[in-house]
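*Asks:* Okay, here's the structure, questions in a sec.
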Amino acid sequence: MLSPSLFHKIFGAAFFLLTCYAQGNLAGIPSVPDFTHLPEDGVDEGFLPGIYFPSFVDNEMEDIILQLEYQISRLEGVLRLEGKITASGGKIFATNGKAADFYTTVQKCKQAGGSIATPRNQGENAAILYFVKQFNKYAYLGIKESLIPGKFHSLNGAELNYTNWYLREPSGKGKEECVEMYTDGTWNDKKCNQNHLIVCQF
């Protein structure tokens, strides 16, 4: 059985990707309902989007949950097979294969219940790199330049404990506020108005 945390992450990634298949391009996968929000880490085991289950659930409800978990696991398999999701360090990364500027990418990921991909270690960097190589497109990361030119932090303001800058980067010194990933996995500071591959994390 999937853990509640992994279940919710897969569900969020699946919701993000299924919005791109509204016309039923993925055979055999039903459309998903319109949820007002998606779950985050640390939610109760009895939580599903838009539904609250008490701590005790009867057998019928347990069967429904098991069926949902089974459908999600099948969907995860399809998405992995199509190269639409990867996972590392408890995160699930997803792409719809489309490109957008930095701010549009942030918005699209937020609308899907996730956030723009922000690698915290080499494994997560490699998970994002998989998409960058597959689509042969650079991707923006959830990292921005601070008020101090040349100093970068994650979008929530936290300092970066992991970086993978290309040689002699960052070099923009206030003129290039966003960060892109090259097709070799290294990073470069860049202006935020370029269209790069959308990669979200859940």
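*Asks:* Please work out whether region 88-201 counts as rounded, prolate or oblate from its C-alpha gyration tensor, where a ≥ b ≥ c are the square roots of the eigenvalues and a/c under 1.5 means rounded, while otherwise a/b larger than b/c means prolate and anything else oblate? The partial results should precede the final answer.
*Replies:* On the way: a/c = 1.36, a/b = 1.30, b/c = 1.04.
Rounded, since a/c falls under 1.5.
*Asks:* Under the 0.36 nm per residue contour assumption, what length would be gained going from the current alpha-carbon distance of residue 71 and residue 110 to full extension? The partial results should precede the final answer.
*Replies:* On the way: separation 39, 0.36 × 39 = 14.04 nm, distance 2.40 nm.
Separation in residues times 0.36 nm, less the Cα-Cα distance, equals 11.6 nm.
*Asks:* With a cut-off of 8 Å between alpha carbons and a minimum separation of six or more residues, what is the relative contact order of region 88-201 in percent? Spell out each step's value before the answer.
*Replies:* Numbers: 226 pairs, mean separation 44.8, N = 114.
Averaging sequence separation for qualifying contacts and normalising by length gives 39 percent for region 88-201.
*Asks:* Please compute the modelled spin-label separation between residue 162 and residue 133, points set 7 Å along Cα→Cβ, answer in nm with one decimal.
*Replies:* 1.6
*Asks:* Using +1 on the beta carbon of Lys and Arg, -1 on that of Asp and Glu, and nothing else charged, what's the dipole of region 73-147 about the Cα centre, debye to 20?
*Replies:* 120
*Asks:* In debye, nearest 20, what is the charge dipole magnitude of region 88-201 about its Cα centre with +1 on Lys and Arg Cβ and -1 on Asp and Glu Cβ, if you could check?
*Replies:* Details: 14 positive and 10 negative charges, 38 e Å.
That gives region 88-201 a dipole magnitude of about 180 debye.
Readers should treat all values here as calculations from the given coordinates under stated rules, not as data from a laboratory. The structure displayed is predicted, hence computed values, not measured ones. Positions of Cβ are backbone-derived with ideal geometry, glycine not excepted, and every protein chain shown enters the neighbour counts.
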